[in-house]
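In what follows, a single structure is set out as structure tokens and then discussed.
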Amino acid sequence: MSEGRLKPPLCGVLLDVDGTLIDSNDAHAHAWHDVLREFGYDLDYAQVRRLIGMGGDNLLPAAVGEKEDSELGQRIGKRRSEIFEQHYLPTIKAFPKTPELLARLDACGYKLAVATSSGKKQLGALLRIAQAEPYLDAKTSADDAEHSKPDPDIIAAALAKTGCAPEAVLMLGDTPYDIEAAAKAGIASVALRSGGWNDSELAGAIAIYANPADLLANFDESPFAPR
């Protein structure tokens, strides 16, 4: 665990969902890998897995050079959603202590806003798995921004919904794309290794924890502790 602190009092927390609150990164990677193979693209699973955390608008060009809003890109995206919802969504579970961590953040009086690259259609189901709804003040998905992570659009939209200043907000995420997007919006990040990235890859965060349970166990010494 590494630690750091913000100077202003904390006002809000922006929350990634996949890989941060719920154990879903592998499921998303498998759905993308399946659909790309179905459409004739021969990519290794490991290549696709490294792109999880981006939204489709960034992932598709990075993976196969296809724009999400092209005719083919739209067909791929529609089919990927079907595969994910039918085959992988039923297998996803929240990380241990996720609801308890959200309750602790809420009890501190922070404004909690989801900032995810997932689409709005799937977000409701993912938040139910995380048992997050009772604690949220706002939700922002890929449908609320022109570009997904690592672009800052989703972060900026979520920040606006909190009404907090960037320097009084922390991003909680699990990928370098979360950290990069937050930094572009002037927001510091706390990272979790639960999404499958290591400390060197998450080095832009001011603190790194193993998972929600680890952060909760060390909450009083974390950047989230009230001052």
**Prompt:** Any residue in the stretch 50-61 that is outside any helix (DSSP H, G or I), surrounded by fewer than 13 Cβ atoms within 10 Å (Cβ to Cβ) and in contact with a strand residue (DSSP E or B) (Cβ under 8 Å, 6 or more places away or on another chain)?
**Reply:** no
**Fill in**
Counting only residues that are surrounded by 20 or more Cβ atoms within 10 Å (Cβ to Cβ), of a type in the set (Phe, Trp, Tyr) and touching a residue at least 24 places away in the same chain (Cβ under 8 Å), the stretch 196-227 contains a total of 2
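Can you find a residue that is among the polar types (S, T, N, Q) and open to solvent by less than 60 Å² (accessible area, probe 1.4 Å) anywhere in the stretch 71-94? Walk me through it before giving the result.
The initial filter retains those residues of the stretch 71-94 that are among the polar types (S, T, N, Q), namely 74, 81, 86, 91.
In the following step, the residues that additionally are open to solvent by less than 60 Å² (accessible area, probe 1.4 Å) were identified as 81.
Yes: one or more hits.
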**Complete:** Subset of the stretch 105-141, residues closer than 20 Å to Ala165 by Cβ and in contact with a Lys or Arg (Cβ under 7 Å, 6 or more places away or on another chain), comes to Ala113, Val114, Asp137, Ala138, Thr140
**Request:** Only one of these is open to solvent by 20 Å² or more (accessible area, probe 1.4 Å), in contact (Cβ under 8 Å) with a residue 12 or more places away in the chain and under 24 Å from Arg50 (Cβ atoms): Asp137, Asp151. Name it.
**Result:** Asp151
**Fill in**
When Gly40 is run through (1) modelled with pLDDT of 95 or more; (2) open to solvent by less than 60 Å² (accessible area, probe 1.4 Å); (3) not in a helix (DSSP H, G or I), the failure sits at (2)
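The values are calculated or read from the model by the stated rules, or taken from the named source; none is laboratory data. Nothing here was measured: the structure is a model prediction, and the numbers come from that model. All Cβ positions, glycine included, derive from the backbone under ideal geometry; neighbour counts span all protein chains shown. Just the protein is used for accessible areas: all its heavy atoms, side chains included, with ligands, DNA and RNA removed. Shrake-Rupley method; radii C 1.70, N 1.55, O 1.52, S 1.80 Å.
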